[in-house]
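Novice: The structure's right below; bear with me while I get my questions together.
Just so it is clear, none of the values below were taken in a lab; they were calculated from the coordinates. Because the structure is a prediction, the values reported are computed rather than measured. In this analysis, Cβ positions are derived from the backbone assuming ideal geometry, glycine residues included, and neighbour counts consider all displayed protein chains.
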Amino acid sequence: MTVAALTGLAPLAVLAGCGGPVPAAPHHPTARPKPRVTTSQATPVTAPVSGSSPRIMIIGDSITQGSAGDYTWQYWLYEHLVSDGVKPTMVGPYGWLYNNVTSKQKDESYANPDFEHANDAIWGLTLFHEKAEIAGEVTTYRPDYLLVMLGLNDLFWYGLSQATMTANLDGLIAGARKADPRIRILLGLIPPDIHQQTNPNFAASVAAYNNTIKATAAAESTTAAPIAAVNDGAGINVAKDLWDGTHPNTNGQIKIAAAFADVLASRFRLGKPYPAPFPVMPVGPLVSPHLIVRPSLTPREAVLIWSLVPGANGYVVYERNVTKGNTEFKRLPYPLSPKATPWRAGLLTPGNVYAFKIQACKGTDCGAYSNAATVTAP
């Protein structure tokens, strides 16, 4: 979903959309909420493909690819499988983040880069695009499992009909099976987002397509090539688990990963269910900005200069008058954009000592603080 960076002094905004052009793929190898997240109740497959070393290709849009500073849900799933003794090989044409501040691809600022990045997840990917590519990608990357989370862009940006969505989903499955008749497919539902809460027509479209995903998984699954639906939105709180109303923060990513892990375990006997309860992780940027403050040449002002951190599209300023004995920092009302540094703090009392600090924010999630820096107001 295309994300516009904050500009000027403006409140942190809820961001819209999930689209944008799909770049050509470079070809290189490469506490538990209730109810349970497993959607499919079908008979488990007797044994996992490729023993304990399956090849897995995750297919998705920006919700899956992630953006600067993220772990991604692929990270949490990969770490979970490895902890269960599974040695997955992650495959696909991509393997990096989208920079939500510069709007550029190939960002490498993962919160933890120590996992296999390869996937078929890219900002703006659609189901209708992927159905035409999937046969070639399965042939090239030879996955045993496809973990698919697509369709939001098709509905939100292109407004495709349910009949077209159904046909495209059938086409995706047919294309994957053409390349590998024994491919195993997990179809993620479209998870909750702010647009489903504010747009009844869009919410109805998402609900209808999610029912199509479940019905298709049940109807087209076979013993040789099983398909399962994954309720990856179970337990997701739009206000708390999405940093901009659509894209998952760390806690949302864990819930999505857990949903896929549970279906892999229950239906395909690959790994174990995700452990309960879920950890509650810090959200917002994890890297602390470095702040420098100096007196301005203009009376009653100080100049703040801070380093930019991955994923932060807003920076909140905190101020404390040390001379007056203030013990608490006062939060200034509006976040600053990454382009705001250097920034002038005004209305200071000449001769007073002030302390400042900066907090980095990604959407509505504010995280790491800078060091505190002091200055004597001119």
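Novice: State, to one decimal in nm, how far the label point of Tyr158 lies from the label point of Ala276, with both points 7 Å from Cα in the Cβ direction.
Specialist: With each label point 7 Å from Cα toward Cβ, the separation is 3.9 nm.
Novice: Shifting gears a bit: Considering only the other residues whose Cβ falls under 14 Å of the Cβ of Gly311, what net charge follows from Lys and Arg at +1 and Asp and Glu at -1?
Specialist: Around Gly311, the charge tally is -3.
Novice: Rounded to the nearest 0.05, what FRET efficiency do Ser103 and Leu297 have when you use their Cβ-Cβ distance and R0 = 30 Å? Can you show the working numbers first?
Specialist: Working: r = 34 Å, r/R0 = 1.15.
Calculated value: 0.30.
Novice: A further question on this structure: Would you mind checking Lys104/Lys339; Lys131/Lys272; Lys214/Lys255; Lys178/Lys214 for any pair whose Cα atoms are more than 28 angstrom apart?
Specialist: In this structure, Lys131/Lys272 lie more than 28 Å apart at Cα.
Novice: Next question, about the same structure. Considering only the other residues whose Cβ falls under 15 Å of the Cβ of Asn99, what net charge follows from Lys and Arg at +1 and Asp and Glu at -1?
Specialist: Residues close to Asn99 contribute a combined charge of 0.
Novice: How would Trp343, Trp76 line up from fewest to most surrounding beta-carbon atoms within 10 angstrom?
Specialist: Ranked by crowding around the Cβ, least crowded first: Trp343, Trp76.
Novice: Mind checking the range 114-183 for chymotrypsin sites (Phe, Trp or Tyr not before Pro) that DSSP puts in a loop (not H, G, I, E or B) and that have at most 15 other Cβ atoms within 10 Å? Present the calculation step by step, with values, prior to reporting the outcome.
Specialist: On the way: sites: Phe115, Trp123, Phe128, Tyr141, Tyr145, Phe156, Trp157, Tyr158; in loops: Phe115, Trp123, Trp157, Tyr158.
Answer in residue order: Tyr158.
Novice: Next question. Take Arg177, Arg294 and order them by how many other Cβ atoms sit within 10 Å, fewest up front.
Specialist: Arg294, Arg177
Novice: Follow-up. Under 12 Å Cα to Cα from Lys362, which aspartates and glutamates show up? Leave out anything in the same chain fewer than 8 places away.
Specialist: Correct list for Lys362: Asp70, Asp244.
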